[in-house]
Amino acid sequence: MNSIGIIANPASGKDIRRLVSHATVIDNNEKINIVERIILGAQQNGVKKIYMMPDPYNMGYRVEDKLKTSGELRCEIEVFDFYKEDTVEDTYKAVRLMNEKKVGCIVTLGGDGTNRAVAKDIKEIPMISISTGTNNVYPDMIEGTIAGIAAAVVASHKFDKEVYSNRDKIIEISSAGQLKDIALIDAVISRDVFVGSRAIWKVEDIEKIFVARSHPASIGFSSVVGGKTIITEDDDFGAYVSIDKNAPKIRIPMAAGIVLPIGTSEPVILNFGEKYEMTTYCRGTIALDGEREIEFHQDQTFTFKISRNGPWHVDVKKAIEVGQKNGFFKVSE
């Protein structure tokens, strides 16, 4: 039976960056509308079952109720029944269950942080990422109906690897020989002492920025590197820079509506297999994809490396093109 999973993060698009910049806020009612369109696009192209993460806003149940009331629901929706932590742990649990259910594709609604959480446990399941905010690099602004159609193409298993040929890159952060965590886009070393509200935004506290990809058209810390060099998702390397207030400055879009002059060293390329080792000289935190996750103390050693051990990321347009060329959308008489 063709099935897909949906991870809709009710907290995405509501962090402190909405207070300190002009970022878009997408409320949970709009997320419900997007999920409805994903389901309608998917079910009309062969998906029989939808698995959803539970959340405090009950988005899954609200979608099911709305589509049943309108008479449009043709597939089965199952909202996982587990004790909710109302934290990222819910995402981890839901992805593990979707692995057990062998769903054909996972569609995420969230930002870079949401997708990073999914990527940590997704294993071999392909992922479609819908951005629900403005400060995001990894997910794309995709219409829900189109995302649902692409998910149906992938979940059919008729075109495996034609619609996702490479795993995404990740930044692996290790300490004492053990993997501590990963980032999909950027890892930022900051002198901020506590995780606190998690979101990082103060440039003056930053020491180094590591990126798996960078572009001047991005918003956020990867654009700091992107202002000096472009690294695409297909390049088999990443890079890092040091913040240097004495270096020549370039204007960087750090947040929605906020462009700052920032000085950095020249980017240093990190090829696959190469490692950067750093021993801390003070206390601070490491932010992963915009959120402070790792607290460190003085004289602690961390290793950073770029690998292609990330998730299979679906190219939505390519998936639909492959479906079109192979008659996937042909209606049987």
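Sorted on the mean count of surrounding Cβ atoms within 10 Å across their residues, most packed first, peptides 292-302, 103-113, 136-146, 31-41 read 103-113, 31-41, 136-146, 292-302.
Against the main long axis of the alpha-carbon atoms of the chain, helix 316-325 sits at an angle near 40°. Computed packing ranks the peptides 126-133, 94-101, 253-260, 47-54 as 126-133, 47-54, 94-101, 253-260, most packed first, by mean other Cβ atoms within 10 Å. Measuring max minus min along each principal axis, the C-alpha atoms of the range 234-333 give extents of 70, 32, 24 Å (largest first). For the range 1-129, the equivalent ellipsoid built from the Cα gyration tensor has semi-axes of 23, 18, 13 Å, listed from largest to smallest.
Sorting 183-192, 263-272 by average packing, meaning the other beta carbons within 10 Å per residue, from highest down gives 183-192, 263-272. Within the range 212-277, what whole-number % of the accessible surface is contributed by carbon and sulfur, with the 1.4 Å probe and all protein chains included in the calculation? Answer for the range 212-277 is 52 percent, counting heavy atoms of protein chains only.
Tell me, what is the FRET efficiency for ASP81 and GLU266 to the nearest 0.05, using R0 = 56 angstrom and their Cβ-Cβ distance as r? That pair, ASP81 with GLU266, gives E of 0.60. For ALA255, nonlocal amide neighbours, meaning residues 5 or more places apart or on other chains whose placed amide H falls under 5 Å from its own, are GLY220. Quick one: pull the percentage of alpha-carbon pairs in the range 213-276 with a separation above 13 Å. So the pairs more than 13 Å apart make up 60 percent of the total in the range 213-276. Rg and Dmax of the range 79-158, both derived from C-alpha coordinates alone, stand at 12.7, 37 Å. Looking at the chain, the DSSP beta bridges with both ends there are about 70 percent antiparallel.
According to the square roots a ≥ b ≥ c of the eigenvalues of the Cα gyration tensor, what is the shape class of the range 125-184, taking rounded for a/c under 1.5, prolate for a/b larger than b/c otherwise, and oblate for the remainder? Each step should come with its number before you reach the end.
On the way: a/c = 3.48, a/b = 1.57, b/c = 2.22.
Taking the square roots of the gyration eigenvalues as a ≥ b ≥ c, the range 125-184 is oblate.
Binning all Cα-Cα separations of the range 256-315 at 5 Å, short to long from zero, yields these whole-percent fractions: 4, 11, 13, 20, 23, 16, 10, 2, 1.
Working from Cα pairs under 8 Å separated by at least six residues, relative contact order for the chain is 19 percent.
Relative contact order of the range 74-225, taken over Cα pairs closer than 8 Å and 6 or more residues apart, is 17 percent. When every Cα-Cα distance of the range 116-271 is counted in 5 angstrom steps from zero, the calculated P(r) takes the values 2, 8, 15, 19, 20, 15, 10, 6, 4, 1, 0, 0 percent.
Suppose the Debye formula is applied to equal point scatterers at every Cα of the chain; what is log10 I(q)/I(0) at q = 0.11 Å⁻¹? The Debye formula, applied to the Cα set alone, gives -0.70. Helical runs assigned H by DSSP (4 residues or longer) give the chain a calculated mean residue ellipticity at 222 nm of -7000 deg cm²/dmol, each run adding -39500 (n - 2.57) before division by the residue total.
When +1 charges are put on Lys and Arg Cβ atoms and -1 charges on Asp and Glu Cβ atoms, the dipole computed for the chain relative to its Cα centre reaches about 380 debye.
Rounded if a/c is under 1.5, else prolate if a/b beats b/c, else oblate: with a ≥ b ≥ c from the C-alpha gyration tensor eigenvalues square-rooted, which is the range 241-284? Because a/c hits 1.5 or more and a/b exceeds b/c, the range 241-284 counts as prolate.
The values are calculated or read from the model by the stated rules, or taken from the named source; none is laboratory data. No experiment lies behind these values; they were computed from the predicted model shown. As a convention, Cβ positions derive from the backbone with ideal geometry for all residues, glycine included, and neighbour counts pool all protein chains shown. Heads up: the accessible areas ignore ligands, DNA and RNA and are worked out on the full protein's heavy atoms, side chains in. Shrake-Rupley method; radii C 1.70, N 1.55, O 1.52, S 1.80 Å.
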